[in-house]
1. With respect to the numbered conditions (1) more than 30 Å from ASP273 (Cα to Cα); (2) open to solvent by less than 20 Å² (accessible area, probe 1.4 Å); (3) at pLDDT 95 or above, which one is the sole condition not fulfilled by GLY340?
2. Considering only residues that are within 31 Å of the chain's Cα centre (by Cα) and open to solvent by 30 Å² or more (accessible area, probe 1.4 Å), which ones fall in the range 63-77?
3. Just name the residue that is most open to solvent (accessible area, probe 1.4 Å) out of those in the range 280-319 that are polar (S, T, N, Q) and either modelled with pLDDT under 95 or in a loop (DSSP other than H, G, I, E, B) (or both).
4. Hand me the list of strands (runs of 3 or more DSSP E) wholly inside the range 359-454 holding 3 or more residues that are crowded, with 21+ Cβ neighbours inside 10 Å.
5. Can you tell me how many residues within the range 256-270 are part of a strand (DSSP E or B), of a type outside the set (D, E, K, R) and within 20 Å of ASP399 (Cβ to Cβ)?
6. Count, please, the residues in the range 128-154 that happen to be under 25 Å from GLY292 (Cβ atoms) and open to solvent by 10 Å² or more (accessible area, probe 1.4 Å).
7. Could you tell me whether ASP322 is without any contact (Cβ under 8 Å) to a residue 12 or more places away in the chain, in contact with a helix residue (DSSP H, G or I) (Cβ under 7 Å, 6 or more places away or on another chain), open to solvent by 50 Å² or more (accessible area, probe 1.4 Å) and of a type outside the set (Gly, Ala, Ser)?
8. Condition first: modelled with pLDDT under 95, farther than 13 Å from HIS287 by Cβ and not in a loop (DSSP other than H, G, I, E, B). Now tell me which residues in the range 242-253 satisfy that.
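The values are calculated or read from the model by the stated rules, or taken from the named source; none is laboratory data. What you are looking at is a predicted structure, and each value in this text was computed from that prediction instead of being measured. Cβ atoms come from the backbone with ideal geometry, glycine included; neighbour counts cover every protein chain shown. For accessibility, only protein heavy atoms count, side chains too; no ligands or nucleic acids. Shrake-Rupley method; radii C 1.70, N 1.55, O 1.52, S 1.80 Å.
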Amino acid sequence: MIGVDIGTTSTKAVLYRETGEILAIENNGYELYTPDSETAEQNPEEIFAAVLLSVGNVMKKSAIEPKNVSFISFSSAMHSVIAMDENNQPLTNCITWADNRSAKWVKKIKEEWNGHEIYRRTGTPIHPMSPLCKITWLEQDCPEISRKTKKYIGIKEYVFYKLFNQYMVDHSIASCMGMMDLQSLEWDQEALKVAGISAEKLSRLVSTKEIITGCDLKYAEKMNILPETKFVIGASDGVLSNIGVNALKKGEVAVTIGTSGAIRTVIPKPQTDPKERIFCYALTEDHWVIGGPVNNGGMIFRWIRDELAASEVETAKRLGMDTYDVLTQIASRVQPGANGLLFHPFLSGERAPLWNANVRGSFMGLTLSHKKEHMIRAALEGVIFNLYSVFLALVEVMDEPVTSLKATGGFAKSALWRQMLADIFDREVVIPESYESSCLGACLLGLYALGEIDSFDVVEEFVGTSHKHTPIPEHTKEYEQLMPIFISISRAMLGEYEKIAQYQTRNNNNE
């Protein structure tokens, strides 16, 4: 079975035996185009080519017979929008979750167009990442595009359209659009009205277990598969990674930190938050995922590396070491709490728990005694503090106590960062063995769709544990003192963030 994950930076395909053993992995990256601070787009054709290449190469690497592929199942990044014309050609690039150009419509939807009630029904907070806001912006501000648009689709719909010549969207991706009623699993009439479109401009809604065959012959050949191979439409990367890390039972919480980050738990029926801090997305009809995404995860570490650590990068090169390993070693020389230096990691606005594209990053508490290593440590701690503030909102909405914390993503390669997570959350952290959690989740959903398993519990046989971290009480004590300060600063600064953002926007426009 093949799991394909269409991500923001690359598409990955993993070929598994049905016992969960990995036979081949392939990963192909593509550009994120950011010509200005508001725009974040990708070329849908580059992504489609990466899908074909990734599947084709795992087939080549493993040398298995095409007839032995029981199915291909998909995971995909959320919140993307592509406008398609009458001839089914893209009018726009793929506008990703990180694009902020719809920000001014967010305010209007929230304040004048009943946005809170739309969120309560659809589960996606009103924010520039949301396709509801993006489509509203395209309809209102880009008439030359909206006039020619036949369909608004996401990247997975684009891939499936190319392969099967039909427009369909699974309930999971649709539930991340802010336009599907979570109870009826139909397009929400009020959301459509706000966006200024009819349901005909969106794809047909299908279950995440939908199975499709009859792949376009030329693409099947490129992927080294048979055209009759079963394709399972699958779900979004976020909800699938909960299956892939075995965080499915009551009270089990998954934390992911890749470029961005998220914290999630699975519940049996949809539920939203009166304070609008968390999302609710579909996995299957009786598995729903609530949680919060953060914009600022591993990208903060990358920023530290690129902007503050030129000499360390050189040293790492000379020693043949990974730069990040060198930086975490430097950070580990500093005591937890970085001597009272706090870093608010809002370098690209923030989603949960603030849902505000205008918040900005800052170091708070700097003194002459602070050195570069304090700044590196404070930045790593800031990412975890921010996730913990989302966790507090999630716990308020959950009906059960938290029983376990499972963590994955690129950050899991760093022992220091894993330990920080245990210390700040004051809980044991389990790191599952599989780093390819979304691809594994997609394959388990595929087995479930084909009726080969009757629950996701079999994931326990697939996923071992690579690390466990127990909180260190004296570290936790330090963090307990700093956490409330971290939260209250980010709340107290909201008005100032707006002013700084306005100033920056004005300056950018003048340059």
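1. Exception for GLY340: condition (2).
2. Here is the first cut: in the range 63-77, the residues within 31 Å of the chain's Cα centre (by Cα) are 69-77.
Listed by number, the list holds a single entry, SER70.
3. Quick first cut of the range 280-319, residues polar (S, T, N, Q) only: 284, 295-296, 311, 315.
Add one more test, that the residue is either modelled with pLDDT under 95 or in a loop (DSSP other than H, G, I, E, B) (or both), and what stays is 295-296, 311, 315.
Details: ASN295: 12, ASN296: 0, SER311: 68, THR315: 49 Å².
The extreme case among them is SER311.
4. Numbers: elements: 362-364, 404-408, 429-432.
Counting at least 3 such residues, we get 404-408, 429-432.
5. We begin by selecting, within the range 256-270, every residue part of a strand (DSSP E or B); these are 256-257, 261-267.
Adding the requirement that they be of a type outside the set (D, E, K, R) leaves 256-257, 261-263, 265-267.
Those still in the list that are within 20 Å of ASP399 (Cβ to Cβ) too: 263, 265-267.
Matching residues across the range 256-270 total 4.
6. 1
7. Working: without any contact (Cβ under 8 Å) to a residue 12 or more places away in the chain: yes; in contact with a helix residue (DSSP H, G or I) (Cβ under 7 Å, 6 or more places away or on another chain): yes; open to solvent by 50 Å² or more (accessible area, probe 1.4 Å): yes; of a type outside the set (Gly, Ala, Ser): yes.
Criteria met by ASP322.
8. Listed by number, the list holds a single entry, GLY244.
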